1. If you scan the stretch 282-297, which residues turn out to be of a type outside the set (D, E, K, R) and buried (at least 16 other Cβ atoms within 10 Å of the Cβ)?
2. Of these, Leu360, Leu356, which one is in contact with a Ser or Thr (Cβ under 7 Å, 6 or more places away or on another chain), under 24 Å from Pro210 (Cβ atoms) and not in a loop (DSSP other than H, G, I, E, B)?
3. Hey, among the residues in the stretch 354-370 that are open to solvent by 50 Å² or more (accessible area, probe 1.4 Å) and in contact with a helix residue (DSSP H, G or I) (Cβ under 6 Å, 6 or more places away or on another chain), which one's nearest to Ser190 (Cα to Cα)?
4. Are any residues in the stretch 54-74 of a type outside the set (Lys, Arg) and assigned to a loop (DSSP other than H, G, I, E, B), and if so, which ones?
5. Given the criteria closer than 20 Å to Ala389 by Cα and surrounded by 15 or more Cβ atoms within 10 Å (Cβ to Cβ), does Leu128 qualify?
6. Please work out which residue is farthest from Phe372 (Cα to Cα), limiting yourself to the stretch 6-24 and to residues that are open to solvent by 10 Å² or more (accessible area, probe 1.4 Å) and among the aliphatic types (A, V, I, L, M).
7. Which is closer than 28 Å to Ala32 by Cα, crowded, with 17+ Cβ neighbours inside 10 Å and of a type outside the set (Gly, Ala, Ser), of Leu333, Leu300, Leu351?
8. Looking only at the stretch 173-222, which residues are in contact with a strand residue (DSSP E or B) (Cβ under 7 Å, 6 or more places away or on another chain), of a type in the set (Val, Ile, Thr) and under 30 Å from Asp15 (Cβ atoms)?
Amino acid sequence: MKILVVTHNYPRFADDPAGAFVKRLAIGAVDAGHQVTVIAPHARGQPTWADEDGVRVHRFRYAPDALERVAYRGDLHATGILSALAMVGIPVFLLAFAVAIRRVSHAWRPDVVHAHWWFPGGWLASSLGVPLVITTHGSDIRLLDRSSVLRRLATHVMNRARLVTTVSDFLARNVRSALPALRTPVARLSMPLDVAHFERGREEAKSDPPLILYAGNLLASKGVTDLIDAFALLRQQGVQCRLKVLGEGPERAALERHARAVGVAEAVQFADFVGQDTMPAEYGAATVTVLPTRGDAEGLGLSLAEASLAGSAIVGTPAGGIPEVVVDEATGLIARSGDAADLARQIARLLEAPDLRTGLTARAAAMSREQFAPANAVDRFLRVYRDAAADRD
C-alpha cells in the first residue's frame, strides 16, 4: 500500500518527543513492506524532503525560518482556534499545509491517508477523495468543548473518514458524546511505544533516598501542586524521599514558589524536558512515577506506561484515560483527584511496601508490553488501512 500520513507533529531530530509515536507507526508500516510518505511542518535546519528510516518525509515551508513560529511551539490546540485564526501566522500555516497535502496526494496517489488529530490535519485531508483514517489524541477532542461551530466542523470532517481511532476508551466515549450526529465508527487503537527502549531503564540504579518523579507539561490541569503538597506531607511524616519535576510550561515559576511556600524547595528538583534517549534512565531511577492530573484533561497518560516499562511503580488519578493504564491495585494505585493527603497515602504505600511495589510494577509492565508493543500496534493499523483502501475498490 501507499500510505500518506498527515500530522502537525513529527520528530525533528533523533530523540525529539514531538509526534514520536507517529514516526514509530510510519516506520513499522515501512518495515512491513509498505510505502509511507509523511507531510509535517518544516522546522529550522530541516530539509523540505528527506528519507528518514525508509519513510519519505515532506516538511512543508510556511514562512522563512525566523517566522515559522506556529508548529512545535507548544500545543497548537491550546492557542484557542477561534481567536488564533485572526493571527497572521495561523492562516498562512493552514494554507501551506493544505497546499502540501493536495500536491503530494495528487502526485503520489496514495491508497489511504492517515491524519493524526482531526484538526488541522484531518480537516485539511478530508476533501481529497482518498480513503481517510483519523486518529484523535486528546487535545483535539478538547476543542469540541469550545463551541458548537467546532463540533459541527468535527462531525463533518469525521463523517468523511472510514474510521476514527482514539488512543483510549475514554476519548472514544468523549467523541461519541460530543458528536451525536457522527456516523463513522469510533475505535480505540493504541499507538506504538518503543518498548525495548524504555525497558533499558530497568538497568538504572534506583535513587537513594527514593525518588518520586513527575514528567510532563507544567499546566494547572496536571495537578503538580497537589503532588508538591503530598510530598510535603510525606516529609512531615518522616518518609525519606525526594521529588523531581521534569518538564516545562507556564506553571513552572508558580510551582517553584509553591514548593518554597510549603517548605520543601530544597528537596524538590525542577528540570527541563530531556530527549527521549534520556527518559528511560529518568524513569528507571524513580521508585514511583506520579501523574496527578485533575479533571478529564488526560487522553491516556502514556508517560505512566513508559515508566512502568522502565521499572518504576506508578500512581495516577481517575482523570481521563489514566485508569486504562493504572488499574487500581492491579498495575498501580489511584489517588483521589485534587486530594493531596490521599495522594501522599498512595505514594507512601509504594515506598514502604517493596512486595506491593514489585508486584504492581511487574503487572503494569506486562500490560504495557502487550498493549503498546510496536508490532502489535502496527499490525492493527495495517488492517485498518487495508479495510479502508478496500472500500474504495
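The values are calculated or read from the model by the stated rules, or taken from the named source; none is laboratory data. As the structure is a prediction and not an experimental result, all values here were calculated from the model. Cβ placement follows ideal geometry from the backbone for every residue including glycine, while neighbour counts extend to all protein chains displayed. SASA here: full protein model, heavy atoms, side chains in, ligands and nucleic acids out. Shrake-Rupley method; radii C 1.70, N 1.55, O 1.52, S 1.80 Å.
1. Of all residues in the stretch 282-297, those of a type outside the set (D, E, K, R) come to 283-293, 295, 297.
Across the stretch 282-297, the qualifying residues are Tyr283, Gly284, Ala285, Ala286, Thr287, Val288, Thr289, Val290, Leu291, Pro292, Thr293, Ala297.
2. Working: Leu356 fails: in contact with a Ser or Thr (Cβ under 7 Å, 6 or more places away or on another chain).
Testing whether each residue is in contact with a Ser or Thr (Cβ under 7 Å, 6 or more places away or on another chain), under 24 Å from Pro210 (Cβ atoms) and not in a loop (DSSP other than H, G, I, E, B) leaves just Leu360.
3. Ranking the qualifying residues of the stretch 354-370, first place goes to Arg369.
4. Let us first name the residues in the stretch 54-74 that are of a type outside the set (Lys, Arg), namely 54-55, 57-58, 60, 62-68, 70-72, 74.
Once the filter is applied, which keeps residues that are of a type outside the set (Lys, Arg) and assigned to a loop (DSSP other than H, G, I, E, B), the stretch 54-74 yields Gly54, Tyr62, Ala63, Pro64, Glu68, Val70, Ala71, Tyr72, Gly74.
5. On the way: closer than 20 Å to Ala389 by Cα: yes; surrounded by 15 or more Cβ atoms within 10 Å (Cβ to Cβ): yes.
Against the criterion (closer than 20 Å to Ala389 by Cα and surrounded by 15 or more Cβ atoms within 10 Å (Cβ to Cβ)), Leu128 qualifies.
6. Step one: of the stretch 6-24, the residues open to solvent by 10 Å² or more (accessible area, probe 1.4 Å) are 8-9, 12-15, 17-18, 20-21, 23-24.
Checking the rest, the ones that are also among the aliphatic types (A, V, I, L, M) come to 14, 18, 20.
Details: Ala14: 21, Ala18: 18, Ala20: 13 Å.
Within the stretch 6-24, the match that is farthest from Phe372 (Cα to Cα) is Ala14.
7. On the way: Leu333 fails: closer than 28 Å to Ala32 by Cα; Leu351 fails: closer than 28 Å to Ala32 by Cα.
Only one candidate passes the filter, namely Leu300.
8. Scanning the stretch 173-222 gives a single hit, Ile212.
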